Amino acid sequence: MNSYSEIAAYYSKFSSLLFNRKDIFRFIEKSFLNFEIKKDYKILDIGCANAKLLFLLKRRGFEKLYGIDISSEMIKLAFKKAVLKGIKLYNLDFLNFFPRKKFDVALCTMDVTNHIPNEKIFDFFKNASTILKKNGILIFDINTKEYLQKLGKRRFVVKKIEDTLLSWKFSLSSKYLKINFSVKEKNGEKVSEDIYQFIYDEEFIENTLKEYGFEVLKKVYDYRMPFKIKFSSKVCYVCKKIW
C-alpha cells in the first residue's frame with residue numbers, strides 16, 4: 001500500500017485538487033442519517049491520513065472515533081490535535097490490524113481502496129468484515145476503471161498553488177496506474193513519490209463484497225449521482241455486514 005512518506009507534509013496542499021471534501025462528508029452524513037448511525041457508535045476511518053474527516057465527525061458530536069494509517073508521517077501531522085479531541089489513531093497497515101473490540105462503522109474514502117494491491121484486495125475486505133460487528137456498516141469509494149484509464153492517457157498534469165509547483169506523471173498498465181507525484185518549492189527544493197492506483201471494476205468489487213458477507217445498501221457515483229455517466233470518476237458504496 002502507498003505510504004505517502006515523502007509527500008505527507010504537502011498532503012493538505014494538494015488533496016483539495018483531488019477530493020471534494022464537502023461532497024464526501026455530505027455523502028457520509030446522509031448515509032449516517034439514512035442508516036441510523038448513532039452518535040455513540042464506534043467508528044473507524046481506514047487510511048485516515050491527516051484525520052480531517054474524523055475532526056469533522058467530532059464536530060458533529062460523534063464520540064468514539066478511531067483512525068488508522070500506514071504512513072507514520074501522516075499520523076504525526078494529526079496526532080497532537082487528535083489526542084486533544086479524544087480521537088485514537090493507529091500507525092498500522094490495516095491488513096495487520098486486529099482490534100479486541102469490533103466497530104459499528106468503517107469508513108474508507110479518498111482513493112484508499114485503490115491503493116490496495118490486487119493480491120491483497122481480498123484480505124482487505126476480509127479484515128473489514130472481521131473488525132465490524134454483525135450489521136455493521138462499511139462506507140467506501142473507489143475510482144472507476146474508466147477514470148483511471150483516462151488519467152493514464154493524459155500522461156502529465158501540472159498545477160501551481162501559491163509558490164509550490166505540483167506535478168503528476170502517469171504510467172498506465174493493465175492492473176494499475178502509476179503516478180509519480182512531485183512537489184517543487186520556490187527555493188528549488190523538490191520531493192517526489194510513486195503512488196499506485198490499482199484498477200478494479202464494479203462487478204469484481206460487488207462479488208467480493210458478497211463473498212465476505214456484505215450486502216450493498218446504497219451505490220452512487222461521485223457521492224451523489226444515482227447512475228453512471230461518461231465522466232463519473234468514483235463509485236461509492238454503503239454496505240452492511242450480514243454474516
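The values are calculated or read from the model by the stated rules, or taken from the named source; none is laboratory data. Fair warning: this is a prediction, and the values are worked out from it, not measured in the lab. Cβ: placed from backbone, ideal geometry, glycine included. Neighbour counts: every protein chain shown.
Some observations on this one:
- Condition check for residue 188 on (1) assigned to a loop (DSSP other than H, G, I, E, B); (2) surrounded by 13 or more Cβ atoms within 10 Å (Cβ to Cβ): one failure, at (2).
- Among the residues here, residue 133 does not qualify as modelled with pLDDT of 95 or more, surrounded by fewer than 22 Cβ atoms within 10 Å (Cβ to Cβ), in a helix (DSSP H, G or I) and assigned by TED's automatic domain parsing to the domain that holds residue 215.
Each row is one residue, and each column tells you yes or no for (1) over 26 Å from residue 147 (Cα atoms); (2) out of contact with any Leu (no Cβ under 8 Å at 6 or more places or on another chain); (3) surrounded by fewer than 21 Cβ atoms within 10 Å (Cβ to Cβ).
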residue	(1), (2), (3)
48	no, no, no
64	yes, yes, yes
81	yes, yes, yes
86	yes, no, yes
91	yes, yes, yes
102	yes, no, yes
109	no, no, no
113	no, yes, no
125	no, no, no
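- Test result for residue 24, among the β-branched types (Val, Ile, Thr), surrounded by 17 or more Cβ atoms within 10 Å (Cβ to Cβ) and closer than 21 Å to residue 226 by Cβ: yes
- Long-range neighbours under 8 Å by Cβ, at least six apart or interchain, first residue touching a residue at least 40 places away in the same chain (Cβ under 8 Å) within the stretch 118-135, second of a type in the set (A, V, I, L, M, F, W, C) and part of a helix (DSSP H, G or I): 120/95; 125/209
- Selection count where residues are touching a Ser or Thr at 6+ places or on another chain (Cβ under 7 Å), without any contact (Cβ under 8 Å) to a residue 40 or more places away in the chain and surrounded by 15 or more Cβ atoms within 10 Å (Cβ to Cβ), scope the stretch 153-181: 1
- One residue alone among 187, 180 is outside the structural domain of residue 110 (by TED's automatic domain parsing), within 18 Å of residue 148 (Cβ to Cβ), of a type in the set (S, T, N, Q) and out of contact with any helix residue (DSSP H, G or I) (no Cβ under 9 Å at 6 or more places or on another chain), and that residue is 180.
- The set of residues in the stretch 58-74 that are under 19 Å from residue 112 (Cα atoms) and without any contact (Cβ under 8 Å) to a residue 24 or more places away in the chain comprises 65, 67, 69.
- Odd one out for residue 30 among (1) surrounded by 16 or more Cβ atoms within 10 Å (Cβ to Cβ); (2) assigned to a helix (DSSP H, G or I): (1)
- One residue from 207, 127, 114 being under 30 Å from residue 36 (Cβ atoms), in contact with a helix residue (DSSP H, G or I) (Cβ under 7 Å, 6 or more places away or on another chain) and either not in a strand (DSSP E or B) or not polar (S, T, N, Q) (or both): 127
- Condition check for residue 222: in contact with a strand residue (DSSP E or B) (Cβ under 9 Å, 6 or more places away or on another chain), of a type in the set (Asp, Glu) and surrounded by 19 or more Cβ atoms within 10 Å (Cβ to Cβ): yes
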